[in-house]
Amino acid sequence: MRWSELPRSARYYILYHAMVAPLLFTWYMVPYDFLEEGYTVLELGILLTAVNVFSIPAKFLVGRYFTFHDVKKGLLLIDVLESTSLLLLYFATGSMVPLFVGVSLLVSNVAATLYPLYQAYERAVYPEDRMKEALVWHMSLPEAAAVLSYPFLGYVFGVLCPSLDCVRNGFLVFAAVDMMLALYILRFFQPVVLREEEENASILEDLKALVQVLRGKLRLYFAVNVLYLLAWRLVPTFVVVNYIVEEYGGNLFHVALLEASVSLATVASMFVVNEIPERHGFHTMMLSVIGAAIATLIFYAKPPFEILLLLGFAARMFDSAWFVFNRNWLFKTVSREEAALISAGVSALNSTMFLAMPLVTGTLAAISPSLPYLAGFLLMVSTLPLLLKASKTRKNG
């Protein structure tokens, strides 16, 4: 599918993610800042677990609200909240550090409750009959932006100006850029209302409907996603940063090189994924799980840093292929009207089950910085029987 063949609304949306991509480097700057300030990886895990507690009810309520209201407004709110969170980190100095850091993380977590709206918007603006091809563009351009920007940002904050003052000034710059992206959404995104009139169904009835879908047509999808996402939740950004710092004596430049290799793999994998017919989706997901699991296991062995870059490339090659066919599996199973409620509902359920994951993975990383990768390997492998069953079910269906 050529870029010009995408609907205009889809092109604006993908370009937005390409512009957002450099800002996501702050996901690594924040834990690096905390670790350099003297926090331990276990303390970070405890802090992030405490913040998670406040977001569980919001995820489901947000999905329900934006089933009947303009999704565009929710996407706008994400950037406003993320900008506010980064601005608070800039002011986190002296005796006010605990207060500003805590509020910043809470604001960012509230923004994260809105992330399922991205899926709902994608479901609305990407062409129904060429969903996989649109998702290839969705993955390629933002990751290409990360490949180009991460090494530069890592060099700036890890080599040229590695002080914490520079990192905090970076938060201020990123906060301003994030606010400009909110204006981009306001100007270029189309309004998307998934249902024109709000039904009189209660929250309890919506919950029952969600449970019915998850126990029915999305039963295997939900089980696979829980296990696979749980595997990656064991190696969140703060664990990756801690792993690079503790095992390799690295800084933000080393982190940037690893993440740039990961993003480059995403771009490369899209050329492969684009040639794979949709009918081979489940087999591709199974092969992807095997490849990502093997790469993750070698991470546990703490190879030389150069090998680590190659492993990061390999793991993301497989993970990106998994993502495209997994997202296509969801979009081919649910209707446009169900998209926001189901995405937000699944996110809320995952958040509930993963509530203590920062604490768990922080504890594992405190024992050994590479131990979370071993646990992730075991969980990835556990998805293979479920994917095989889903493949047979789809074939028989």
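The values are calculated or read from the model by the stated rules, or taken from the named source; none is laboratory data. Since this is a predicted model, take the numbers as computed values, not measurements. Cβ placement follows ideal geometry from the backbone for every residue including glycine, while neighbour counts extend to all protein chains displayed. Side chains are part of the model used for accessible areas, which takes the heavy atoms of the whole protein and leaves out ligands, DNA and RNA. Shrake-Rupley method; radii C 1.70, N 1.55, O 1.52, S 1.80 Å.
Structure above, values below:
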item	result
The chain: DSSP helices with Cα axial extent of at least 24 Å and average Kyte-Doolittle hydropathy no lower than 1.6	252-273, 281-300
Nearby lysines by direct alpha-carbon distance to Lys392 (threshold 16 angstrom, same-chain neighbours under 8 apart not counted)	Lys217
Among Ala144, Asn109, His17 - extreme Cα towards positive end, dipole of the range 1-158, charges at beta-carbon	His17
Residues with amide H under 5 Å from that of Gly250, placed H, sequence gap 5 or more	Val245
Cα-centre dipole for the chain with unit charges at Cβ (Lys and Arg positive, Asp and Glu negative), debye to 20	1260
Alpha-carbon Debye profile of the chain, log10 I(q)/I(0) at 0.10 Å⁻¹	-0.66
Gaussian network model of the chain, Cα within-10 Å springs - most flexible of Ser343, Ser368, Ser85	Ser368
Residue among Ala256, Ala176, Ala293 with the largest mean-square fluctuation in a Gaussian network model of the chain, springs linking Cα atoms under 10 Å	Ala176
Equivalent ellipsoid semi-axes - Cα gyration tensor, the range 272-387, angstrom	28, 21, 11
Listed residues Val125, Val159, Val273, most fluctuating in the chain (Gaussian network, C-alpha, under 10 Å)	Val159
Solvent accessible area, Å² - Trp322, 1.4 Å probe, full protein context	10
The chain - mean residue ellipticity at 222 nm from DSSP helices (-39,500 (n - 2.57) per run, n ≥ 4, rounded to 500)	-25500 deg cm²/dmol
Signed unit charges on C-beta, dipole axis of the chain, positive-most listed residue Val226, Leu35, Ser85	Val226
Relative contact order of the range 266-330, pairs being alpha-carbon contacts under 8 Å that are 6 or more residues apart, as %	51
